[in-house]
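Down below is the structure, laid out as structure tokens.
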Amino acid sequence: MRERSGATRERVPPGQVVTTKWPVLHYGDVPRVDTKTWTFEVSGLVERPFTLTYDELLALPQKTVRCDIHCVTRWSRLDNAFEGVPVQALLARAGVKAEASYSLVHAEQGFMTNVPLSDLDRPDNLIALRWGGEPLTPEHGWPARLLVPHLYFWKSAKWARGLELLAEDMPGFWEQNGYHMRGDPWLEERYGGRSLTQHEINRLRNRSKR
Ligand SMILES: Nc1nc2c(c(=O)[nH]1)N[C@H]1C(S)=C(S)[C@@H](COP(=O)(O)O)O[C@H]1N2
Ligand SMILES: [Mo]
């Protein structure tokens, strides 16, 4: 942890502490991934759903995003250089339908996180493949993770496998366990209240598929 200069303070949301390390945080085990069978799917309320192989994803135009990341457990890491495929390029290719207003990001082992479409459809969001010029390490999400740098980092699903566009909001894994549905670090949208029951989750899932 470092002392904060004035300039740093302006970049660090309330209640956060800067770290120069990059902690590893996730539920469950680091999945084993075989890039020969790996796919990335864009589905749900889109005109042209599609599935990419790993090689097809790698062949798409990529860009570098320099950003700060903010974990809800109160660490922030400044000046990260992620490289990957812009989420907006995938959304444009799929053709998001007018009814879509939310998304669920799907990852290995059934992990999900929900992101409103207005937060997903932003130029700094990536399907990130590299960090600091090197491929992501397995514990940080190799081969591909979502990057949504303006929201708390739990929305940046590691080991991402797809985006599903939905009409209604549907809580993902951490959100079902009480994390906020949106997660803006500048508004300290950390926890949204109580955890949901399985019955409530099933009801929401049926509604969002309508
Ligand atoms: N698949 C998956 N992605 C995940 C998580 C998880 O449990 N599973 N945890 C989230 C949380 S809570 C955080 S803070 C970040 C941590 O990313 P890092 O380990 O690369 O720092 O990953 C997010 N992405
Ligand atoms: Mo987190």
Alpha-carbon gyration tensor eigenvalues x 5, square-rooted, for segment 1-62, Å: 37, 18, 13
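Using mean Cβ contacts within 10 Å as the protection proxy, how do 37-48, 112-123, 138-149 order, highest first? Walk me through the intermediate numbers first.
Details: 37-48: 15.9, 112-123: 18.3, 138-149: 21.6.
Ranked from most to least packed, the peptides come out as 138-149, 112-123, 37-48.
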Relative contact order computed over the chain (Cα-Cα under 8 Å; 6+ residues apart), in percent: 21
Amide proton proximity set for His180, modelled H, under 5 Å, gap of 5+: Tyr191, Gly192
Only Lys, Arg (+1) and Asp, Glu (-1) charged, at Cβ; the chain dipole about Cα centre in debye: 240
Semi-axis lengths (Å, descending) of the ellipsoid that matches the C-alpha gyration tensor of segment 122-203: 25, 15, 12
Shape call, segment 3-125: gyration tensor on alpha carbons, a/c limit 1.5: prolate
Surface accessible to a 1.4 Å probe, per residue, for the residues of segment 1-68, Å²: 68
Percentage relative contact order, segment 47-137, counting C-alpha pairs under 8 Å, at least six apart: 30
Shape box of segment 56-190 [Cα atoms, principal axes, largest first, Å]: 36, 36, 27
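The values are calculated or read from the model by the stated rules, or taken from the named source; none is laboratory data. Every value quoted in this text rests on a predicted model; they were computed, and no experiment measured them. No Cβ is skipped: glycine too gets one built from the backbone with ideal geometry, and neighbour counts run over all protein chains shown. These area figures cover heavy atoms from the full protein model, side chains too; ligands, DNA and RNA do not enter into them. Shrake-Rupley method; radii C 1.70, N 1.55, O 1.52, S 1.80 Å.
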